[in-house]
1. From the list B:ILE186, B:ILE169, B:ILE163, which residue is farther than 18 Å from B:HIS67 by Cβ, out of contact with any Phe, Trp or Tyr (no Cβ under 9 Å at 6 or more places or on another chain) and at pLDDT 95 or above?
2. Is it the case that A:ALA78 is in a helix (DSSP H, G or I) and either more than 30 Å from A:VAL20 (Cα to Cα) or at pLDDT below 85 (or both)?
3. Only one of A:ALA196, A:ALA247, A:ALA211 is in a helix (DSSP H, G or I) and under 23 Å from A:GLY276 (Cα atoms). Can you tell me which?
4. Restricting to region B:199-218, name every residue that is surrounded by fewer than 17 Cβ atoms within 10 Å (Cβ to Cβ) and more than 17 Å from B:PHE263 (Cβ to Cβ).
5. Return a yes/no flag: does region A:218-225 have any residue that is within 14 Å of chain B (Cβ to nearest Cβ), at pLDDT below 90 and surrounded by 15 or more Cβ atoms within 10 Å (Cβ to Cβ).
6. Here is a list: B:LEU61, B:LEU6, B:LEU49. Which entry is outside any strand (DSSP E or B) and closer than 18 Å to B:PHE285 by Cβ?
7. Just to be sure I understand, how many residues within region B:191-205 are modelled with pLDDT of 85 or more and under 22 Å from B:MET175 (Cβ atoms)?
8. With the requirement that a residue be among the aliphatic types (A, V, I, L, M) and either more than 15 Å from B:ILE76 (Cα to Cα) or outside any helix (DSSP H, G or I) (or both), what does region B:189-224 give you?
Amino acid sequence: MLMLHKFSIRSIILLLALLVIVTLSLSLGFGVAELGHREVWQCLTATCEKSIYNTILWQIRLPRVLLGFIAGFGLAIAGALMQNVTRNPLADPYLFGIVAGAGLGATLTNFLPPSLQFFTLPLAAFLGALFAVFIVLMVLIKNNWRRTEHLLLAGVAVSFLFSSVTSFILYMGDAFSTNRVIFWLMGSLARADQTALMWIFPVVFIATIVALLLSRQLDSLLLSDESARTLGVSVEKLRIGTLVICAALTAVIVAYCGGIGFVGLMIPHIVRPFVGLTTARILLGAGLVGGCFLVWVDVVARTALDGQEIPIGVITSAMGSVFFLLLMRKM
Amino acid sequence: MSVIGLNTEYQAAIQHKIDQKTKPVGSLGLLEDIACQLALIQSQKHGSLVDNVSITEPSVLVFAADHGISDEGVSIAPSAVTRQMVLNFINGGAAINCFCRSNRLHFKVIDAGIIEPINDEYPDLVKQRLGSGTNNFVNQSAMTAEQAEQGLSFGQQAVETLISANCTILILGEMGIGNTSSASAILSALTDESVDKCVGVGTGITDEQLIKKQQLISQALSRFNSKDPMVVLKEVGGFEIAQMVGAIIAAAKVNIAVLVDGFIVSTAALLACKIEPNVRNYLIFAHQSEESGHQLLLRKLAAKPLLNLGLRLGEGTGAALALPLLTAAASFYNDMASFEDAGVTV
C-alpha cells in the first residue's frame, strides 16, 4: 500500500482531533427536530432553551454517542493489533471466533434455570467469546505457531463450529428467544446505559495503554519473527499477550453491542496510508477514526428509516464486505 | 442542569422539628415521611430551611393517548373510548372531575396522541399530539426515537404553566385504552421480571384475554434487548407515558413534588428515575392499585403507597384522593405545637 508523505504528523494529529470534536458535537444534534444542531450549540455555550433538553442531551444522546465512539475505538485498535501481530492484512477480531462464541453464550442464557439468572446476556456472551479465543490459542500453542495464518484458519473453524451449535439450539428453541438472540447478533448501540459504558470504557482504556507500551516490541514483529527474536523480543509471549488484549476488547464490546462486524478490518486499512505502519501511530489513528466511524454509522442507523432503527451491525457488515472485496482485488 | 439530589443538610433539622411535636416519635407514620419529604423539597427550592410547608395550586394533568396494541383485543373497550372519555373530562363528567371538585384541584387534560383529534378548543384541553395513536408494538416499534424525545419535551411544556402559577404539587393521571399492556411491557423490560408477573387484568379482562396479552407482550419484548429507558419507551411505550416522563423530570428540576397515581403513571415514574435517578426524591406514591404489576413496581422503587382502596381506574383518581393526606401532613408540620410550646414534659 502506498504511503502518503505529504501529510506531516502534526497536521494529521490536528486533523484527527478536529474529526473527533466535530463528530462528537455534530452527532449530538440528530434526533427530534426541535432539538437540532442550533439548540445543541445553545445548550453547550449558554443554557438550554428548555431544561428538558439537558436531560435529552446528557442522559440520552451523549451516552449513546460515547458508547459508539468507545466501541468503534476498541474494535478498530483490536483490528490494527491483530493485523500487525499476524502480519496478515485480513486479520480481524471477528474472524477469530469471538462473535460466534459470544453468540453461543447469548443463546445458552435462554436455557439457564432461574437460579443461574446472574449469567446475564452480556456476561454469558463475554464468557462465550473468551472460550472461543481459548480454543483457538490452544490449537496454535499445540502446533507451535508454525504459521501465523493458522490463527485465522483456526478462528474460522471455531466460528463455524460455534455457529452450527447456536443454529441448532435456536432451531430447537422457541421463536421468542430466537428473536432475542438474532436481534442481539445484528448489533446495536441501544444498550447504551451506564453499565455498558462502565464495563467497556475501562477495558478499552487499559488495553490501549498496554498496547501502546508494547508498541515498540510490536513494531519489531512487523519485520519478521526472526528479526524480532534477534532484537530480544520474546515473540510467543508477545503474540499471546496481544491476542488476549484483542480478545478482551472485542469480547466486552460484543457482549454489550452485539455483532458489529468489519470495523476492525477496514478502519486500519483506511488510516494506514495516512499515519504509517508503526504500531503506536496506527493504534491511535485507527482508534480515533474507528470511533468517529461508528458514531456516524449509528446516526445513519437511527435516522435512515423513518420509525425503525436499522441494526448497526447490518450497516457495518454491508460496508465492510464491499471494502473487503475491493481490498482482495488489489492484493 | 440535571435533576439534583435533595440537599440532606436540612434533613436533621426537619426531623428534629417533627420529633419535637407533641406526640410520640414516629407516631404519625407515613405522614411524617411525607412532611419531611415536602419540607426537604421546599427547602431545596428556597435554598434555606423552610419553617412552613405550603401546598399551593395542586394541579391534576391527565395525559390521554391511544395504543396500537388495543387492535389485538386486550382491553375491555375499543380505542374510540379514549376520545369519548377525553370529551367526558372536558365536560366535567368523569370520576377525576368529581374528585378534583371535592378537593379543589386544578384540572387539565392533555391530548398526547389519541386517534381522532378533537377540533374544538376548550380551556381544559391542551393539544400536544405526538401522532394518532402508537403503532401496535407487537411487531414494530411503538413510536420513533424522535417521537419519544418530542414526548419528553411536550411533557415539560405541560408543566411550564404550573411552574409560573407557583404550583407545589403536580398530580398525574392518564387515559388510554390498552395502556396497561404498554406499562406491563415497560416494567418487564426495565426490571427483567417475567412477563407473567408484570401483566394483570387491567380494567377487567377475561382469562383468555390475559393469556393473549401475556403472549403478545412476550413477543414484543423479544424484538429488542435493552434496558435503556429511551429504547424501552420507544419500543413499547405510549405517547401519554412519554409525556408523563417529561413532565415528571421537568417538575423535579424545579422542585415540584409529584404525586404519582397508579400503575401507568408509576411506570412513567420508573422510566423517569432510570433517566434521572434523583427524580425519585420528588415522588410521592398515592396508592397501591389492584393491578399486580403495580405492587411489583412499587417494591422496585421502594415506595410506600399512602392508600390501598382497591382502585383500578386510572385517570389520576388515586392521587387526587390522596391529596388531603398531603395537606394534613403539611398542617401538622406547620401548626402542631412542640413540647416546648405546649409546656408538655415527658
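1. On the way: B:ILE186 fails: farther than 18 Å from B:HIS67 by Cβ; B:ILE163 fails: at pLDDT 95 or above.
Unique residue meeting the criteria: B:ILE169.
2. Details: in a helix (DSSP H, G or I): yes; either more than 30 Å from A:VAL20 (Cα to Cα) or at pLDDT below 85 (or both): no.
Considered against the rule, which asks whether it is in a helix (DSSP H, G or I) and either more than 30 Å from A:VAL20 (Cα to Cα) or at pLDDT below 85 (or both), A:ALA78 comes out as no.
3. Values: A:ALA196 fails: under 23 Å from A:GLY276 (Cα atoms); A:ALA247 fails: under 23 Å from A:GLY276 (Cα atoms).
None of the other options fit; the residue is A:ALA211.
4. So the first thing to find is which residues in region B:199-218 are surrounded by fewer than 17 Cβ atoms within 10 Å (Cβ to Cβ), and the list is B:203-204, B:206-208, B:210-212, B:215.
Answer for region B:199-218, where residues must be surrounded by fewer than 17 Cβ atoms within 10 Å (Cβ to Cβ) and more than 17 Å from B:PHE263 (Cβ to Cβ): B:THR206, B:ASP207, B:GLU208, B:ILE211, B:LYS212, B:GLN215.
5. First, the residues of region A:218-225 that are within 14 Å of chain B (Cβ to nearest Cβ): none.
There is no residue in region A:218-225 that is within 14 Å of chain B (Cβ to nearest Cβ), at pLDDT below 90 and surrounded by 15 or more Cβ atoms within 10 Å (Cβ to Cβ).
6. On the way: B:LEU61 fails: outside any strand (DSSP E or B); B:LEU49 fails: closer than 18 Å to B:PHE285 by Cβ.
Unique residue meeting the criteria: B:LEU6.
7. The first filter runs over region B:191-205 and keeps only residues modelled with pLDDT of 85 or more, leaving B:191, B:193-199.
Applying the additional criterion that residues be under 22 Å from B:MET175 (Cβ atoms) yields B:198-199.
Number of matching residues: 2.
8. Quick first cut of region B:189-224, residues among the aliphatic types (A, V, I, L, M) only: B:189-190, B:195, B:199, B:201, B:205, B:210-211, B:216-217, B:220-221.
Answer for region B:189-224, where residues must be among the aliphatic types (A, V, I, L, M) and either more than 15 Å from B:ILE76 (Cα to Cα) or outside any helix (DSSP H, G or I) (or both): B:ALA189, B:LEU190, B:VAL195, B:VAL199, B:VAL201, B:ILE205, B:LEU216, B:ILE217, B:ALA220, B:LEU221.
The values are calculated or read from the model by the stated rules, or taken from the named source; none is laboratory data. Predicted model, so just to flag it, every value in this text is computed and none were measured. Here Cβ is always computed from backbone atoms with ideal geometry, including for glycine, and neighbour counts include all displayed protein chains.
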